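Here the structure is laid out as structure tokens; the discussion comes afterwards.
The values are calculated or read from the model by the stated rules, or taken from the named source; none is laboratory data. It should be emphasised that the depicted structure is a prediction, and the values quoted were computed from it without experimental measurement. Heads up, the Cβs are rebuilt from the backbone with ideal geometry, glycines too, and the neighbour counts pull from every protein chain shown.
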Amino acid sequence: MITADTPSFKLGTRGSPLALAQARMTAAAMTAAHGWDPGHAEIVVISTTGDRVQDRPLAEIGGKALWTKELDAALIDGRIDCGVHSMKDVETQLRDGIALVAMLPRADVRERLIGADSIDALPQGARIGTSSPRRAAQLQALRPDLVTEVLRGNVATRMAKVESGAIDATLLAAAGLDRLGIAVGATIETDVMLPASAQGAVGITARAGDEAVLALLAAINDADTFAAVSLERGFLAALGGTCHSPVAALATITGDRVAFRCEIMTEDGSEIEEGGFEATLADAPQLVAALAADMLADSGPALRALFHPG
């Protein structure tokens with residue numbers, strides 16, 4: 001509980017350069033919204049399993065919870081007042097006692113290719129480093145000759161692998177590069193590669209029921225981003241997708257209407273089901289759930305096996 005006597009408002013974050021940049025953005029937004037003195041918003045670095053284990057695919061060692069469980073624990077025991085996350089790293093089902101409260105305005109949702117001017121320009125048989133089943137499947141669908149290799153680590157680590165020749169290219173989120181001030185790579189439009197759900201969004205979690213903190217965080221919430229990302233996460237939840245399930249989804253909101261696009265695909269990209277709709281925001285959640293069911297019904301056995309709807 002935040003009171004007048006509280007010395008600081010503690011924002012928990014992972015320790016990567018991108019996570020810290022996003023935490024600083026959130027601290028600045030809170031400071032501006034509430035007229036706080038400099039330093040009142042304090043950034044607290046929490047080490048996560050996902051940061052410590054870098055030699056295996058995320059899906060093999062516990063999935064997205066590896067980015068969030070330590071931050072959730074710090075929230076529950078009161079070490080921090082809120083957690084700052086890349087939303088695409090946050091599980092669709094939150095831990096009991098944790099609430100997703102706010103999101104900053106969404107940044108560029110597109111991908112950037114590091115190592116070539118376009119996907120078409122990659123040499124025959126090029127080795128592409130990625131830990132994302134979605135990116136690997138999309139690349140295989142576009143260019144079956146490409147070889148995807150598991151690549152984890154922060155932005156600098158991934159770029160260094162390309163520079164050293166250990167891999168020929170990699171894909172990184174444009175939003176992350178922009179937040180780090182790194183102007184490199186060829187932008188891949190969303191009609192070529194649809195992004196992961198919640199890509200480009202920064203989300204803030206807090207203790208459910210901590211009304212004082214929830215009210216403070218509500219002041220920095222971007223309503224359109226929150227609505228769009230909630231729809232994309234709703235699509236994931238309706239599919240019963242996991243870290244092994246290649247899924248792409250993007251909701252674009254204009255006024256009270258939303259355009260929704262999505263894809264599910266086999267890991268090798270040999271089958272892709274595409275879907276979408278345009279509707280009012282009020283109708284969209286029900287349509288997202290129905291669309292997920294329809295797409296799974298239309299899928300072949302190998303594609304359906306990657307999902308486990310409730």
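Considering segment 127-147 alone, what residues qualify as being farther than 17 Å from residue 194 by Cβ and at pLDDT below 95?
Matches in segment 127-147: 131 only.
Of the residues in segment 252-310, how many are outside any strand (DSSP E or B), touching a residue at least 40 places away in the same chain (Cβ under 8 Å) and charged (D, E, K, R)?
2
So, in segment 129-174, how many residues would count as being farther than 22 Å from residue 191 by Cβ and among the charged types (D, E, K, R)?
Final tally of qualifying residues: 6.
Any residue at all in segment 178-188 that's buried (at least 21 other Cβ atoms within 10 Å of the Cβ), under 25 Å from residue 71 (Cβ atoms) and not assigned by TED's automatic domain parsing to the domain that holds residue 71?
Yes, segment 178-188 contains a residue that is buried (at least 21 other Cβ atoms within 10 Å of the Cβ), under 25 Å from residue 71 (Cβ atoms) and not assigned by TED's automatic domain parsing to the domain that holds residue 71.
Which ones in segment 160-177 are assigned to a helix (DSSP H, G or I) and over 15 Å from the mean Cα position of the chain (by Cα)?
160, 161, 162, 163, 164
Of everything in segment 266-289, what is of a type in the set (A, V, I, L, M) and over 12 Å from residue 239 (Cβ atoms)? Give them in sequence order.
Within segment 266-289, 272, 279, 281, 282, 284, 287 meet the criteria.
If you go through segment 245-265, how many residues are under 14 Å from residue 191 (Cα atoms) and either β-branched (Val, Ile, Thr) or in the same structural domain as residue 137 (by TED's automatic domain parsing) (or both)?
Selection size over segment 245-265: 1.
So for segment 225-237 (the condition being touching a Pro at 6+ places or on another chain (Cβ under 8 Å), more than 29 Å from residue 105 (Cβ to Cβ) and modelled with pLDDT of 95 or more), does at least one residue qualify?
Taking every residue of segment 225-237 in turn, none turns out to be touching a Pro at 6+ places or on another chain (Cβ under 8 Å), more than 29 Å from residue 105 (Cβ to Cβ) and modelled with pLDDT of 95 or more.
Mind listing just one residue for me: the one in segment 150-177 that is touching a helix residue (DSSP H, G or I) at 6+ places or on another chain (Cβ under 9 Å) and free of Cβ contacts under 8 Å to residues at least 40 places away in the same chain and, of those, nearest to residue 87 (Cα to Cα)?
So the residue we want is 151.
Take the conditions at pLDDT below 95 and out of contact with any Ser or Thr (no Cβ under 7 Å at 6 or more places or on another chain) and apply them to residue 5. Does it pass?
The answer is yes for residue 5.
Pull up segment 12-36, narrow it to residues that are modelled with pLDDT under 95 and part of a loop (DSSP other than H, G, I, E, B), then point me to the one that is nearest to residue 180 (Cα to Cα).
Among those that are modelled with pLDDT under 95 and part of a loop (DSSP other than H, G, I, E, B), it is 16.
Kindly establish whether residue 282 is at pLDDT 95 or above, in contact with a helix residue (DSSP H, G or I) (Cβ under 9 Å, 6 or more places away or on another chain), under 28 Å from residue 223 (Cβ atoms) and of a type in the set (A, V, I, L, M).
No.
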